[in-house]
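What follows is one structure encoded as structure tokens, with my remarks underneath.
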Amino acid sequence: MLQDRIREGLLRKAGLKQAQIDEALQAERETGQSLDQVLVGKNLLTESKALGFFGEFLGIDFRPSLDGTQVPDEFIQNVPVQFARTHGLIALDLTGQVLLVATHRPLDVQPMDDLATMLGRQVEPVLALRSEIANLINRAYRHKADGVDEALEDIKDTDTIAELAGQVEESEDLLDVANKAPIIKLVNMLLFQALKLRASDIHLQPYADRMQVRMRIDGVLYDMDTVPRRAQEAIISRVKVMGKMDIAERRLPQDGRASIRIGDGDVDVRISTVPVTSGERVVFRILDKTTKIYSLDQIGLTPENHRTISRYINYSHGVVFVTGPTGSGKTTTLYACLDAINAPELNILTIEDPVEYNLDGISQVQVNVKKGLTFATGLRSFLRQDPDVMMVGEVRDNETADIAIRAALTGHLVFSTVHTNDSASTVTRLIDIGVEPYLVSSSLLCVIAQRLLRTICPNCKEQVEPDQQMRYLLEDLRLTPDRFPGGKIWVGKGCDECFRSGYSGRTAIYEVMPIDGAIQQQIVNKCTASEIKRGALERGLRTLRMDGVEKLLAGHTTPDEVLRVTQLDVV
């Protein structure tokens, strides 16, 4: 009877066809997965729609966002992070004896029962997206002892590289440390700590007497743990085993990659080693696939820029370029654009190096240069796959640029990135790498330049009277204190939450340049980037610095941060 009610409910409220419901119910019986997992896994419903439906059906509240939630200390102290990660559970509030707990599995009640027993409290479920729960777990547990110090203490002088020879699993769970050798445990815990702190990179830098661990958080490097010199070689060998590199080769740079697991979330790690005078230097680039994909509303666009981008990404053909240096959030913006237009009636293909996040309903291809799969060859193959929209990770050479632009001229919408300083330079870069000006002029729709600005830490945010130094910075931005409410400027004074930096998290600033008739004519006439930009400014272009100043006046960031990020911006 319950299954019949679910069937009727799905038909009536979820808008699914009878054949889809029969397919889902059959898959549920055959695979043993719960119905919500089947519906999302088979792309019959998005995760958000599935949770909304089951929330209404079961009478459970659904929260699309968990931003600003403060996790009760009792949960953090008494529930192991492994349990929270594996089952996707995090407490949101404690009212009397009732603990409100977020889950992304509405039909899986066993972990909830285990949690209630563990804490000795009544537990009430709330539904939330898996990515939102993963992010909140990271934030909640970031300051709890995570075993790095304990792993350091375990390292003995007797540890040898021979102990590392154990077979590495294809996809290894970082949290399974109970039976690992101390060095393996240490490397796993360093990776886990980096994920908790939202670090994008880990640097292992050798010195004469120690190995320094550094992590890049919000675009800035911080010194973290110090590892004894005696463990250096063993750690580097362990890292090479993880990345499937040659352990014996110490004189040449090497690259590798590893896939690791935290609970039920996958994380890709790219590893690079370079020989230096004190040994070998290692850098991990971390791509956490459990991180949520942002929508166009969440990436820091002004209403005007939002309208402009929304208009161009819904064109049937043409090229949209996103430009900026490495680590400026270009891929996040592209994914937000693809997510905004993703629909069953569109065939969307991407070729990336690497595939950073998984997008439902979109076919994603990973570049493999060793096997001959480059951006150019992949893009050429895409044209035989009947695409509507294509995304190319990066335009690096004439061949890729030429195919992308010709694809746009034959009726496809193409998204891509390029490394230039501002929007106008993108046009001249394409011509420099060999694309004919008339092709650029007739295919290019819009160029989006962007940078990432650190935002003020909400935990230690305060308003201050600007001192003389800050007044000089404001002068550089052509501002005076009277432009701010009460003549006071928001700053972060520094706290434990933000590593005493005064900043936590980042937002983007944008320079959106539509390719209008005047710019098309300038492209054909081979005008310089500065001439194109000057004309666009006269017609109302808002530069990166102007957008940064707007976010400064709104109290999101500080004057020195705007100047740091927009130093190359010419107004």
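The values are calculated or read from the model by the stated rules, or taken from the named source; none is laboratory data. Because the structure is predicted, anything quoted here is derived from the model rather than measured. Cβ: placed from backbone, ideal geometry, glycine included. Neighbour counts: every protein chain shown. The protein model used for the area step is the full one, side chains on, heavy atoms only, and it has no ligands, DNA or RNA in it. Shrake-Rupley method; radii C 1.70, N 1.55, O 1.52, S 1.80 Å.
In table form, for the structure just shown:
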item: Residue list for region 493-527, filter: open to solvent by less than 20 Å² (accessible area, probe 1.4 Å), in contact (Cβ under 8 Å) with a residue 40 or more places away in the chain and under 21 Å from VAL562 (Cβ atoms); result: CYS498, GLY502, GLY505, ALA508, ILE509, TYR510, GLU511, VAL512, MET513
item: Qualifying residue in region 396-411 (condition: among the polar types (S, T, N, Q), more than 26 Å from the chain's Cα centre (by Cα) and assigned to a loop (DSSP other than H, G, I, E, B)); result: yes
item: Among the residues listed as GLU561, GLU550, GLU531, the single one being at pLDDT 90 or above, assigned to a helix (DSSP H, G or I), over 21 Å from ALA424 (Cβ atoms) and among the acidic types (Asp, Glu); result: GLU561
item: Residue within region 456-464 that is assigned to a strand (DSSP E or B), touching a residue at least 24 places away in the same chain (Cβ under 8 Å) and surrounded by 21 or more Cβ atoms within 10 Å (Cβ to Cβ) present; result: yes
item: Answer from PHE415, PHE484 - the residue that is open to solvent by less than 70 Å² (accessible area, probe 1.4 Å), of a type in the set (Phe, Trp, Tyr) and closer than 21 Å to SER328 by Cα; result: PHE415
item: Residues of region 309-329 that turn out to be open to solvent by less than 20 Å² (accessible area, probe 1.4 Å) and outside any loop (DSSP other than H, G, I, E, B), as a count; result: 7
item: Index of the failed condition, ALA376 passing every other in (1) among the hydrophobic types (A, V, I, L, M, F, W, C); (2) touching a helix residue (DSSP H, G or I) at 6+ places or on another chain (Cβ under 9 Å); (3) more than 27 Å from TYR294 (Cα to Cα); (4) open to solvent by 30 Å² or more (accessible area, probe 1.4 Å); result: (4)
item: Qualifying positions in region 211-240 - without any contact (Cβ under 8 Å) to a residue 60 or more places away in the chain and polar (S, T, N, Q); result: GLN212, THR226, GLN232
item: Qualifying residues in region 352-395 (those that are among the aromatic types (Phe, Trp, Tyr) and assigned to a helix (DSSP H, G or I)) - the one nearest to LEU39 (Cα to Cα); result: PHE382
item: Candidate set from region 93-122 (those that are touching a residue at least 40 places away in the same chain (Cβ under 8 Å) and open to solvent by less than 30 Å² (accessible area, probe 1.4 Å)); member that is farthest from ARG63 (Cα to Cα); result: LEU119
item: Strands (runs of 3 or more DSSP E) contained entirely in region 53-139, each with at least 3 residues that are not aliphatic (A, V, I, L, M); result: 122-128
item: Candidates GLU163, GLU172 - the one that is modelled with pLDDT under 85 and part of a helix (DSSP H, G or I); result: GLU163
item: The lone exception for ILE299 - which of (1) farther than 30 Å from ALA84 by Cβ; (2) out of contact with any Pro (no Cβ under 8 Å at 6 or more places or on another chain) it fails; result: (1)
item: Single unsatisfied condition, GLY55 versus (1) open to solvent by less than 60 Å² (accessible area, probe 1.4 Å); (2) closer than 14 Å to LEU115 by Cα; result: (2)
item: Long-range neighbours under 9 Å by Cβ, at least six apart or interchain, first residue without any contact (Cβ under 8 Å) to a residue 40 or more places away in the chain and closer than 20 Å to LEU51 by Cα within region 25-36, second among the basic types (Lys, Arg) and surrounded by fewer than 16 Cβ atoms within 10 Å (Cβ to Cβ); result: ALA27/LYS42
item: Set LEU552, LEU537: member being open to solvent by 30 Å² or more (accessible area, probe 1.4 Å), touching a Ser or Thr at 6+ places or on another chain (Cβ under 9 Å) and either touching a residue at least 24 places away in the same chain (Cβ under 8 Å) or farther than 30 Å from GLU462 by Cβ (or both); result: LEU537
